[in-house]
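Visitor: Please see the structure below; I have some questions.
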Amino acid sequence: MENRACLVLANGQVFEGKGFGASGCIVGEAVFTTGMNGYIETLTDPSYFGQIVTQTFPLVGNYGKISPDFESARIHVRGYIVRSWCDEPSNFRCEGQIDEWLKSQNVIGLCGIDTRALTKVLREAGVMNGMIISGDSDEAKRNFAALDDADGKAKLLETIKSYRIEHAVESVSCDAVGIEKDSATVFEESAKYRAVPVRADGTKVNDAEDAMRDGRGKKVVLWDFGAKANIRRELLKRGLSVVTMPCSSTAAQILAENPDGVMLSNGPGDPSENVGIIEEIRKLLGSGVPIFGICLGHQLLALAKGAKTSKLKYGHRGANQPVKYLATGRVYISSQNHGYAVENDSLPSGAVMSFVNTNDGTCEGIVYTDTPAFSVQFHPEASSGPLDTGFLFDEFVRLINDRSHFASFTAATERIDAISYFAGTIKRTKEEQNTIAG
């Protein structure tokens with residue numbers, strides 16, 4: 001049942017609508033995502049911790065709640081905004097409405113507003129804090145009343161502006177070392193929906209033995225900063241055994257597992273705040289163990305090597321971000337969810353940009369020439385989203401099995417005329433990154 005509800009932005013704008021899901025009041029960082037499907041994965045993606053997420057696609061919930069598609073055990077968004085939600089979902093895997101699901105997780109939803117207008121505000125002004133007020137609780141009544149009083153609204157805006165996302169990674173990381181299910185089971189489950197590994201040429205590997213041949217007998221530690229479940233699945237589908245370790249793990253504890261490779265996962269928040277993790281990554285780099293970083297893992301690896309990160313005006317969130325692989329000139333469509341980026345002109349010696357966002361020129365990937373490590377800002381494990389860059393997991397397996405592959409991999413990247421390219425379309429100042437459409 002829908003209640004009276006609204007979104008109050010830190011700039012004072014109010015969007016009146018109806019509430020669904022849980023009732024109450026919540027403050028968070030208001031962002032938008034352009035994905036046309038995958039709302040289940042969005043809601044359960046730990047990278048959205050602390051954020052009020054707006055879906056630009058107008059109808060959400062048409063296939064209901066499907067727990068096998070969760071990216072984590074619970075919803076992580078702080079609030080959820082849609083143009084309209086479907087109260088009669090239709091799918092043979094459906095387990096219920098998203099309204100019921102949000103209620104069960106105590107997550108407040110807002111519908112019936114012009115999400116296009118809200119998205120334009122966030123694009124022009126940048127992401128900002130907001131408050132969703134929903135229902136008829138005493139707190140909601142007080143906040144609704146405050147909107148009709150100048151002094152009351154001013155105090156409410158002070159509360160909204162003061163919100164900060166804190167302890168993000170610690171809040172979403174696992175709290176114990178976990179051994180994942182076996183590779184064969186994961187491959188069999190994924191193959192039912194054709195979610196099998198994809199080669200660099202775009203063809204799918206439908207045979208489990210073929211897909212897992214190179215990864216069998218190798219162990220990867222997944223350092224969990226808020227890892228999406230599909231990262232684990234992509235590793236397992238290639239025959240690797242995966243040991244998940246929490247963000248509090250030290251380099252010594254990780255190396256004690258005697259891993260053949262380390263995966264640095266995605267996660268939420270400002271990467272530069274994770275000082276302890278960055279220091280442990282530096283120690284890990286000295287071991288020579290192959291490393292692959294995704295999203296937050298990409299940023300943390302760059303920081304450990306001496307690069308800098310900065311916040312984007314409104315970030316990249318959605319399944320339609322174009323990235324150019326500079327070694328070949330080929331453009332891939334990628335799934336992304338991040339509000340920070342590695343600054344292009346801060347890359348240290350031994351770090352070569354491998355992918356670039358063709359919309360705004362921001363760094364989307366780095367290959368390190370002085371250590372067996374590489375990373376990407378986007379999600380090659382995209383679920384839901386394009387599978388175009390899934391071959392990067394195969395590159396990781398090759399790197400684990402043959403360190404000489406690292407030399408050929410970096411050589412291919414270094415063939416780019418990097419200096420002239422960076423001086424042209426890629427290199428951007430912070431101000432330019434904040435104004436170019438992403």
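Visitor: Determine whether SER310 is on the phi < 0 side of the Ramachandran plot, of a type outside the set (Val, Ile, Thr), part of a strand (DSSP E or B) and within 22 Å of the chain's Cα centre (by Cα).
Guide: yes
Visitor: Being surrounded by fewer than 24 Cβ atoms within 10 Å (Cβ to Cβ), assigned by TED's automatic domain parsing to the domain that holds SER384 and more than 26 Å from GLY215 (Cα to Cα) is true for just one of ASN337, ASN344. Which residue is that?
Guide: ASN344
Visitor: Is it fair to say SER134 is in contact with a strand residue (DSSP E or B) (Cβ under 8 Å, 6 or more places away or on another chain) and either polar (S, T, N, Q) or without any contact (Cβ under 8 Å) to a residue 24 or more places away in the chain (or both)?
Guide: For SER134, the condition - in contact with a strand residue (DSSP E or B) (Cβ under 8 Å, 6 or more places away or on another chain) and either polar (S, T, N, Q) or without any contact (Cβ under 8 Å) to a residue 24 or more places away in the chain (or both) - is met.
Visitor: Now, a different point. Within the range 350-408, which residues are of a type in the set (Gly, Ala, Ser), closer than 24 Å to THR44 by Cβ and either in the same structural domain as PRO68 (by TED's automatic domain parsing) or touching a strand residue (DSSP E or B) at 6+ places or on another chain (Cβ under 7 Å) (or both)?
Guide: Passing the criteria: SER375, ALA382, SER384, GLY385, GLY390.
Visitor: Now, a different point. Please find, among VAL169, VAL186, the residue that is surrounded by 19 or more Cβ atoms within 10 Å (Cβ to Cβ) and in contact (Cβ under 8 Å) with a residue 60 or more places away in the chain.
Guide: Just one listed residue meets the conditions, VAL169.
Visitor: If you don't mind, there's one more thing I want to ask. Filter the range 128-140 down to residues that are surrounded by 21 or more Cβ atoms within 10 Å (Cβ to Cβ) and within 18 Å of SER162 (Cα to Cα), then give me how many there are.
Guide: Of the residues in the range 128-140, 5 are surrounded by 21 or more Cβ atoms within 10 Å (Cβ to Cβ) and within 18 Å of SER162 (Cα to Cα).
Visitor: Tell me, yes or no, whether the range 221-230 has at least one residue that is closer than 26 Å to GLY315 by Cβ and in a helix (DSSP H, G or I).
Guide: Checking the range 221-230: at least one residue is closer than 26 Å to GLY315 by Cβ and in a helix (DSSP H, G or I).
Visitor: Looking at (1) in contact (Cβ under 8 Å) with a residue 60 or more places away in the chain; (2) crowded, with 23+ Cβ neighbours inside 10 Å; (3) not hydrophobic (A, V, I, L, M, F, W, C), which is the one condition that is false for TYR80?
Guide: It fails just one condition, (1).
Visitor: Now for a separate question. For GLY12, state whether it is part of a loop (DSSP other than H, G, I, E, B), small (Gly, Ala, Ser) and surrounded by fewer than 24 Cβ atoms within 10 Å (Cβ to Cβ).
Guide: Answer is yes for this residue.
Visitor: Given the conditions (1) assigned to a strand (DSSP E or B); (2) surrounded by fewer than 18 Cβ atoms within 10 Å (Cβ to Cβ), and given that MET263 satisfies all but one, which numbered condition is not satisfied?
Guide: (2)
Visitor: Mind checking whether some residue in the range 230-238 is of a type in the set (Val, Ile, Thr) and either within 22 Å of GLY50 (Cα to Cα) or at pLDDT 95 or above (or both)?
Guide: yes
Visitor: Could you pull out every one of the helices (runs of 4 or more DSSP H) wholly within the range 332-438 that has 3 or more residues that are in contact with a helix residue (DSSP H, G or I) (Cβ under 7 Å, 6 or more places away or on another chain) and either at pLDDT 95 or above or closer than 27 Å to ARG238 by Cα (or both)?
Guide: 391-401, 403-414
The values are calculated or read from the model by the stated rules, or taken from the named source; none is laboratory data. Because the structure is a prediction, the values reported are computed rather than measured. We place every Cβ from the backbone using ideal geometry, glycine too, and count neighbours over all the protein chains shown.
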